[in-house]
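In what follows, a single structure is set out as C-alpha coordinates and then discussed.
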Amino acid sequence: MQKVIHQKVTVLPGGKVEFTHQELEAGQQVDVVVLHESAGERPAILDILNGGPDQRLFQNAEEVREHLENEKASWDV
(Lines give C-alpha, C1' and ligand atoms only; values in the text may rest on other atoms or scores of the structure.)
Protein backbone atom coordinates (compact mmCIF):
# COMPACT_ATOMS: atom_id res chain seq x y z
CA MET A 1 0.00 0.00 0.00
CA GLN A 2 1.28 3.46 -0.91
CA LYS A 3 1.46 6.14 1.74
CA VAL A 4 1.72 9.88 1.23
CA ILE A 5 3.95 12.04 3.38
CA HIS A 6 3.16 15.74 3.07
CA GLN A 7 5.81 17.97 4.56
CA LYS A 8 6.69 21.61 3.86
CA VAL A 9 10.39 22.35 3.62
CA THR A 10 12.56 25.36 2.78
CA VAL A 11 14.73 25.21 -0.32
CA LEU A 12 18.40 25.34 0.62
CA PRO A 13 21.12 27.21 -1.31
CA GLY A 14 21.69 25.77 -4.76
CA GLY A 15 18.05 24.66 -5.04
CA LYS A 16 18.63 21.75 -2.68
CA VAL A 17 15.60 20.21 -0.93
CA GLU A 18 16.14 17.94 2.05
CA PHE A 19 13.76 16.25 4.47
CA THR A 20 13.67 13.36 6.89
CA HIS A 21 10.79 11.24 8.13
CA GLN A 22 10.71 8.40 10.65
CA GLU A 23 8.72 6.15 8.27
CA LEU A 24 11.43 6.25 5.57
CA GLU A 25 14.07 3.52 5.67
CA ALA A 26 17.60 3.73 4.26
CA GLY A 27 17.75 2.24 0.76
CA GLN A 28 13.98 2.46 0.29
CA GLN A 29 12.77 3.67 -3.15
CA VAL A 30 10.42 6.68 -3.01
CA ASP A 31 8.85 9.08 -5.51
CA VAL A 32 9.33 12.76 -4.80
CA VAL A 33 6.97 15.43 -6.16
CA VAL A 34 7.83 19.10 -5.70
CA LEU A 35 5.07 21.72 -5.92
CA HIS A 36 6.07 25.37 -5.79
CA GLU A 37 4.72 28.78 -6.69
CA SER A 38 6.56 30.72 -9.36
CA ALA A 39 7.29 34.35 -8.60
CA GLY A 40 5.80 35.51 -11.91
CA GLU A 41 2.74 33.26 -11.79
CA ARG A 42 -0.61 35.01 -12.18
CA PRO A 43 -3.20 34.41 -9.46
CA ALA A 44 -6.16 32.15 -10.22
CA ILE A 45 -9.41 33.89 -11.07
CA LEU A 46 -11.15 32.38 -8.03
CA ASP A 47 -8.43 33.76 -5.77
CA ILE A 48 -9.06 37.21 -7.22
CA LEU A 49 -12.83 36.92 -6.89
CA ASN A 50 -12.58 35.65 -3.33
CA GLY A 51 -9.98 38.27 -2.40
CA GLY A 52 -12.41 40.08 -0.16
CA PRO A 53 -16.01 41.18 0.11
CA ASP A 54 -15.13 44.73 -1.00
CA GLN A 55 -14.08 43.34 -4.37
CA ARG A 56 -17.49 41.88 -5.17
CA LEU A 57 -20.34 43.68 -6.90
CA PHE A 58 -22.84 41.83 -4.69
CA GLN A 59 -22.25 40.76 -1.13
CA ASN A 60 -24.84 37.97 -0.98
CA ALA A 61 -27.57 36.16 -2.91
CA GLU A 62 -30.27 38.56 -1.71
CA GLU A 63 -28.46 41.49 -3.35
CA VAL A 64 -28.20 39.53 -6.62
CA ARG A 65 -31.93 38.73 -6.52
CA GLU A 66 -32.82 42.35 -5.81
CA HIS A 67 -30.62 43.58 -8.66
CA LEU A 68 -32.19 41.12 -11.11
CA GLU A 69 -35.71 42.12 -10.05
CA ASN A 70 -34.87 45.80 -10.56
CA GLU A 71 -33.43 45.05 -13.99
CA LYS A 72 -36.53 43.08 -15.02
CA ALA A 73 -38.77 45.89 -13.75
CA SER A 74 -36.88 48.42 -15.89
CA TRP A 75 -37.59 46.36 -19.03
CA ASP A 76 -41.36 46.78 -18.55
CA VAL A 77 -41.20 50.58 -18.72
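A few points about this structure:
- Rg and Dmax, both from the Cα atoms of the chain and both in Å, are 24.6, 79.
- Carbon and sulfur %, accessible surface of the chain computed with the full protein complex present, 1.4 Å: 53
- For the chain, the longest principal axis of the Cα atoms and the long axis of helix 61-75 meet at an angle of about 40 degrees.
The values are calculated or read from the model by the stated rules, or taken from the named source; none is laboratory data. Just so you know, these numbers come straight off a predicted model, no measurement behind them. All accessible areas refer to the heavy atoms of the entire protein, side chains included, with ligands and DNA or RNA removed. Shrake-Rupley method; radii C 1.70, N 1.55, O 1.52, S 1.80 Å.
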